[in-house]
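**Student:** The structure's right below; bear with me while I get my questions together.
The values are calculated or read from the model by the stated rules, or taken from the named source; none is laboratory data. In this text, all values refer to a predicted model and were calculated from it rather than measured experimentally. Here Cβ is always computed from backbone atoms with ideal geometry, including for glycine, and neighbour counts include all displayed protein chains.
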Amino acid sequence: MTVSLLRCRLLTATAIALALPALPATAQEQGDETTIIVTAQRANQSGVEQAGSVGVLGDKDAADVPFSIRSYNEALVLNQQPQTLGQVLENDPTIRTTTGFGIAGELFVIRGFALAGDDVGYDGLYGIMPRQLAAPELYQSVQVLNGSSAFLNGAAPGGTGLGGSVNLIPKRAGTADLNRVTAGFTGPEHIGGSFDIARRFGAGGEWGIRVNGTARGGDVAIDDEFRSTYVLGAAIDYNSGPLRASLDVAYQRVKVSHFRPKLSIAGLAVIPEAPDASTNFGQPWQYTTLRDIFGQARIEYDIAPGVMVYAAFGARDGAEEGIYSTPTLTNAATGAINVSSSFIPRTDNNEAATAGVRAKFATGGISHEVNAGGAINWLVNRNAYEFFALSPEANNLYAPVAVTPSQTVTFAGGDLADPFPIGRTRLTSGFVSDTLGFADDRVLFTAGLRVQAIRTRSYSYFGGALTSEYDESKVTPVFGVVVKPAAGVSLYANRIEGLVQGAVAPASGANPAGGAPLPVTNAGAALPPFVSEQYEIGGKLALGGIDLSLAAFQIDRETAILRPSPTTTGALEFGPFGVQRNRGVEFTIAGDLAEGLRLIAGGSVIDAKLRRTQNGVNEGAQAVGVPEYLVNANLEWDVPFVPALTLTGRVVHTGEQAANIANTLFIENWTRVDIGARYVAVVAGRPLTMRVTIDNVADADYWASAFDSFRPDLQLGAPRTFKASLTYDF
């Protein structure tokens with residue numbers, strides 16, 4: 001079936017659905033329709049819950065924990081029709097999304113630090129989520145925790161997440177049966193559909209099953225960029241008496257062809273003018289294909305009143321392959337670029353497990369919630385690579401053309417046909433904590449520690465021999481306090497750490513005085529895990545239907561640098577002597593401003609500075625790609641004089657960003673405006689919801705991000721994008 005025919009059928013279905021409400025109806029039928037419409041509108045409300053998983057502390061209300069947490073519901077995902085997790089997180093006023101590492105994979109910036117897709121949690125387990133792109137249709141909740149979380153979640157295996165974490169909860173059956181089908185269209189040629197079915201059964205409804213899937217594909221708003229996604233998820237849960245258990249399994253296959261990569265501006269002295277937002281300066285021969293099978297099993301059992309034991313095990317088998325192009329701007333005035341390319345296959349086999357006990361009791365008028373347990377992750381990465389020289393043909397940022405990829409291999413490694421292991425990682429930890437409640441739990445004090453060990457083995461791309469080994473451990477404590485001076489008011493403070501794998505010392509380094517490189521006294525030594533320290537104070541207020549939060553934080557991140565050896569003349573020492581300090585203030589507001597008027601909004605200000613650097617170079621500079629401030633506002637209005645209609649609007653504003661470490665290049669602040677509407681009709685006594693949205697309605701051209709881990713790169717903002725969908729609940 002052609003794309004044009006599919007589009008015609010979708011438009012015909014929309015026209016018929018819009019005409020149906022105008023058909024004559026009896027008074028009784030009109031009354032029934034009103035009830036159906038109101039019920040459907042309430043179920044369709046995009047929202048943020050002030051609650052979520054807080055790692056080993058369990059599921060908590062935000063008012064009861066000394067951390068900033070919130071959860072975006074599945075109605076928001078359905079209404080906004082996002083194709084990636086990053087498009088969901090565009091609603092968050094403390095997060096910005098970019099891509100990283102020269103691929104199509106998403107990278108999230110929280111409190112000025114990266115969170116890679118490798119380190120997104122799957123119901124609290126690390127290493128189980130697909131690592132580059134996550135299709136949001138599989139999840140009933142997208143949970144965000146701002147700040148470091150080494151105690152709460154353990155060290156992230158990918159070495160990111162120092163500024164915050166994201167946790168995805170798979171869809172499971174609710175209390176009511178669900179039968180839902182959705183047809184969707186994203187301009188100009190991206191069409192798809194999905195289904196979502198849930199049932200509860202058993203004498204007391206103790207068993208639940210939910211199955212959902214999505215298939216979509218076609219060109220998106222960026223010129224000639226093709227995306228396809230196929231996902232299937234299933235969940236079975238049991239909840240009766242003291243026993244609760246669940247099994248979640250999922251399949252995801254994503255392909256992105258002719259995707260638009262970042263633009264490298266290494267060595268240039270000016271920021272180029274942004275081209276038209278739909279311009280694709282990627283190459284038609286580049287692609288990435290991602291396939292993941294993943295899931296988990298969980299069990300909880302109440303062994304006594306207030307005492308629960310639990311365990312979970314998850315696994316992922318992932319495979320990816322891609323030909324990537326790296327466009328590098330050589331002349332900012334003319335837009336001249338050159339193009340290099342690479343071929344990189346990779347497979348991952350990961351497992352994760354956790355087990356523990358949670359006990360609630362009181363002694364001497366003081367309540368306790370004790371958590372104790374352990375966690376372990378096993379990760380195996382099989383990888384290979386082949387990099388090619390620059391294309392011999394000229395190209396231009398403002399008038400890109402297809403070029404012939406070079407056939408000259410500059411360097412290669414591993415077995416391209418059957419990649420073998422080049423890295424094995426094992427993370428183990430044990431934790432214990434106690435939350436003490438005073439004055440009828442109006443004062444809550446949490447203290448705990450987690451002992452974490454990180455063991456990695458690296459293997460040569462040339463034969464697979466062991467090249468280096470690392471086995472280090474660290475203790476990461478947590479201290480937090482919550483004070484509730486009045487109903488709906490919660491004040492808090494915390495001191496918590498982040499943890500990532502330590503680096504290996506090089507053999508030599510640059511001489512601070514110039515001349516020949518100097519030897520490194522601890523060459524080849526593996527440093528202990530790097531620690532970041534976070535201090536945070538804040539408050540939360542529930543005022544009617546509105547939830548507000550305010551937080552001020554400071555995160556000091558250790559970085560490895562070389563310095564003159566204190567014991568050996570004419571030599572250097574490698575260690576965690578560098579510091580990046582991110583300070584900021586965050587504000588969020590969400591809820592009902594009035595009946596039928598809902599708001600998700602907020603902002604943050606971040607001062608991210610390099611405090612101690614190698615030889616003092618660039619000390620005090622602003623960290624690359626960290627916006628000075630962020631502002632979001634997302635509004636939904638149920639139009640009172642058209643009861644079935646809801647209008648939506650969103651504004652996303654991002655402040656100036658440094659584009660290089662020397663702070664000689666900056667990208668300007670930018671603003672994007674999105675608008676939309678949805679309408680509920682009644683067809684055969686069931687609700688049919690029609691949605692239309694236009695992202696970047698002004699088709700603004702702007703550089704959206706300069707964040708990258710290893711070179712000055714620019715991400716172009718997405719163009720105007722039209723989306724429409726029909727959802728029928730029957």
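**Student:** For the range 101-112, check the following and say yes or no: at least one residue is farther than 21 Å from His653 by Cβ, of a type in the set (A, V, I, L, M, F, W, C) and crowded, with 21+ Cβ neighbours inside 10 Å. First the steps, then the outcome.
**Tutor:** Residues of the range 101-112 farther than 21 Å from His653 by Cβ: 101-105.
From the residues that got through so far, the ones that are of a type in the set (A, V, I, L, M, F, W, C) too are 101, 103-104.
Within this subset, residues satisfying the condition of being crowded, with 21+ Cβ neighbours inside 10 Å are 103-104.
Within the range 101-112 (the criterion being farther than 21 Å from His653 by Cβ, of a type in the set (A, V, I, L, M, F, W, C) and crowded, with 21+ Cβ neighbours inside 10 Å), the answer is yes, since at least one residue qualifies.
**Student:** Working carefully through the options Asp607, Asp674, find the one that is of a type in the set (Asp, Glu), closer than 22 Å to Glu106 by Cβ and part of a strand (DSSP E or B). Step through it out loud before you land on a result.
**Tutor:** Working: Asp607 fails: closer than 22 Å to Glu106 by Cβ.
Selected residue: Asp674, the only one of Asp607, Asp674 that is of a type in the set (Asp, Glu), closer than 22 Å to Glu106 by Cβ and part of a strand (DSSP E or B).
**Student:** If I go through the range 382-409 residue by residue, how many of them are crowded, with 19+ Cβ neighbours inside 10 Å and part of a strand (DSSP E or B)?
**Tutor:** Residues meeting the conditions: 4.
**Student:** So, in the range 690-704, of the ones that are among the charged types (D, E, K, R) and surrounded by 18 or more Cβ atoms within 10 Å (Cβ to Cβ), which residue ends up nearest to Leu178 (Cα to Cα)? It would help to see each step written out before you state the result.
**Tutor:** Taking the range 690-704 and keeping what is among the charged types (D, E, K, R), we get 691, 695, 699, 701.
Then drop every residue that is not surrounded by 18 or more Cβ atoms within 10 Å (Cβ to Cβ), which leaves 691, 695.
Details: Arg691: 20, Asp695: 29 Å.
Looking at the filtered set, the residue picked out is Arg691.
**Student:** Right, something else. Out of Pro512, Pro528, Pro519, report the one residue that is within 27 Å of Thr569 (Cα to Cα) and not in a loop (DSSP other than H, G, I, E, B). Spell out how you get there, then give the answer.
**Tutor:** Numbers: Pro512 fails: not in a loop (DSSP other than H, G, I, E, B); Pro528 fails: not in a loop (DSSP other than H, G, I, E, B).
After applying the criteria, what remains is Pro519.
**Student:** Now, a different point. For the range 430-448, which positions are in a strand (DSSP E or B), within 16 Å of Gly364 (Cβ to Cβ) and without any contact (Cβ under 8 Å) to a residue 60 or more places away in the chain?
**Tutor:** Across the range 430-448, the qualifying residues are Val443, Phe445.
**Student:** For the range 705-722, enumerate the residues that are buried (at least 22 other Cβ atoms within 10 Å of the Cβ) and in a strand (DSSP E or B).
**Tutor:** Residues satisfying the conditions are Ser705, Asp713, Leu714, Gln715, Leu716, Thr721.
**Student:** Looking only at strands (runs of 3 or more DSSP E) that fall completely inside the range 174-228, which ones have 3 or more residues that are touching a strand residue (DSSP E or B) at 6+ places or on another chain (Cβ under 9 Å) and under 18 Å from Val249 (Cα atoms)? It would help to see each step written out before you state the result.
**Tutor:** On the way: elements: 178-186, 190-201, 207-219.
Of the strands (runs of 3 or more DSSP E) lying wholly inside the range 174-228, those with at least 3 residues that are touching a strand residue (DSSP E or B) at 6+ places or on another chain (Cβ under 9 Å) and under 18 Å from Val249 (Cα atoms) span 190-201, 207-219.
**Student:** Among the residues of the range 257-271, is any closer than 30 Å to Val181 by Cβ, touching a residue at least 24 places away in the same chain (Cβ under 8 Å) and in a strand (DSSP E or B)? Give the derivation first.
**Tutor:** Here is the first cut: in the range 257-271, the residues closer than 30 Å to Val181 by Cβ are 257, 259.
Filter again for touching a residue at least 24 places away in the same chain (Cβ under 8 Å), leaving 257, 259.
Next, only the ones that are in a strand (DSSP E or B) stay: 257.
Scanning the range 257-271, I find at least one residue that is closer than 30 Å to Val181 by Cβ, touching a residue at least 24 places away in the same chain (Cβ under 8 Å) and in a strand (DSSP E or B), so the answer is yes.
For every residue, the table says whether it meets (1) modelled with pLDDT of 60 or more; (2) on the phi < 0 side of the Ramachandran plot; (3) assigned to a helix (DSSP H, G or I).
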residue: Leu6; (1), (2), (3): no, yes, yes
residue: Ala13; (1), (2), (3): no, yes, yes
residue: Ala25; (1), (2), (3): no, yes, no
residue: Gln28; (1), (2), (3): no, yes, yes
residue: Thr39; (1), (2), (3): yes, yes, yes
residue: Pro82; (1), (2), (3): yes, yes, no
residue: Gln87; (1), (2), (3): yes, yes, yes
residue: Asn91; (1), (2), (3): yes, yes, no
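**Student:** Could you tell me which residue of the range 93-126 is nearest to the chain's Cα centre (by Cα), considering only residues that are over 19 Å from Ser141 (Cα atoms) and outside any strand (DSSP E or B)?
**Tutor:** Among them, the one singled out is Gly105.
**Student:** Here's a follow-up. Inspect all residues belonging to the range 412-419 and state whether any of them is modelled with pLDDT of 95 or more, of a type in the set (D, E, K, R), part of a strand (DSSP E or B) and surrounded by fewer than 20 Cβ atoms within 10 Å (Cβ to Cβ).
**Tutor:** no
**Student:** Any residue in the range 470-498 that is over 17 Å from Phe438 (Cα atoms) and buried (at least 17 other Cβ atoms within 10 Å of the Cβ) sitting within a Cβ distance under 7 Å of a residue that is of a type in the set (Asp, Glu) and modelled with pLDDT of 95 or more? List the pairs, counting only those 6 or more apart or interchain.
**Tutor:** These pairs meet every condition: Thr476/Glu497; Asn494/Glu536; Glu497/Glu533.
**Student:** Select from the range 549-570 the residues that are of a type in the set (A, V, I, L, M, F, W, C), surrounded by fewer than 18 Cβ atoms within 10 Å (Cβ to Cβ) and under 20 Å from Leu518 (Cβ atoms) and list them in ascending order. Full working, then the answer.
**Tutor:** Pass one, the range 549-570, residues of a type in the set (A, V, I, L, M, F, W, C): 550-553, 555, 560-562.
Pick out the ones that are also surrounded by fewer than 18 Cβ atoms within 10 Å (Cβ to Cβ) and you get 550, 552, 560.
Within the range 549-570, Ala560 is the sole residue that qualifies.
**Student:** Moving on to the next point. Let me confirm something: among Val652, Val624, Val642, Val617, which residue is among the β-branched types (Val, Ile, Thr), at pLDDT below 95 and buried (at least 22 other Cβ atoms within 10 Å of the Cβ)? Spell out the reasoning first.
**Tutor:** On the way: Val652 fails: at pLDDT below 95; Val642 fails: buried (at least 22 other Cβ atoms within 10 Å of the Cβ); Val617 fails: buried (at least 22 other Cβ atoms within 10 Å of the Cβ).
Among Val652, Val624, Val642, Val617, only Val624 is among the β-branched types (Val, Ile, Thr), at pLDDT below 95 and buried (at least 22 other Cβ atoms within 10 Å of the Cβ).
**Student:** Please state which of the following conditions Gln534 fails to meet, knowing it meets all the rest: (1) touching an Asp or Glu at 6+ places or on another chain (Cβ under 8 Å); (2) free of Cβ contacts under 8 Å to residues at least 40 places away in the same chain.
**Tutor:** Of the numbered conditions (1) touching an Asp or Glu at 6+ places or on another chain (Cβ under 8 Å); (2) free of Cβ contacts under 8 Å to residues at least 40 places away in the same chain, the odd one out for Gln534 is (2).
**Student:** Considering Leu548, Leu597, which residue is closer than 30 Å to Val682 by Cβ and either modelled with pLDDT of 95 or more or in contact with a Pro (Cβ under 7 Å, 6 or more places away or on another chain) (or both)?
**Tutor:** Within the list Leu548, Leu597, the selection yields Leu597.
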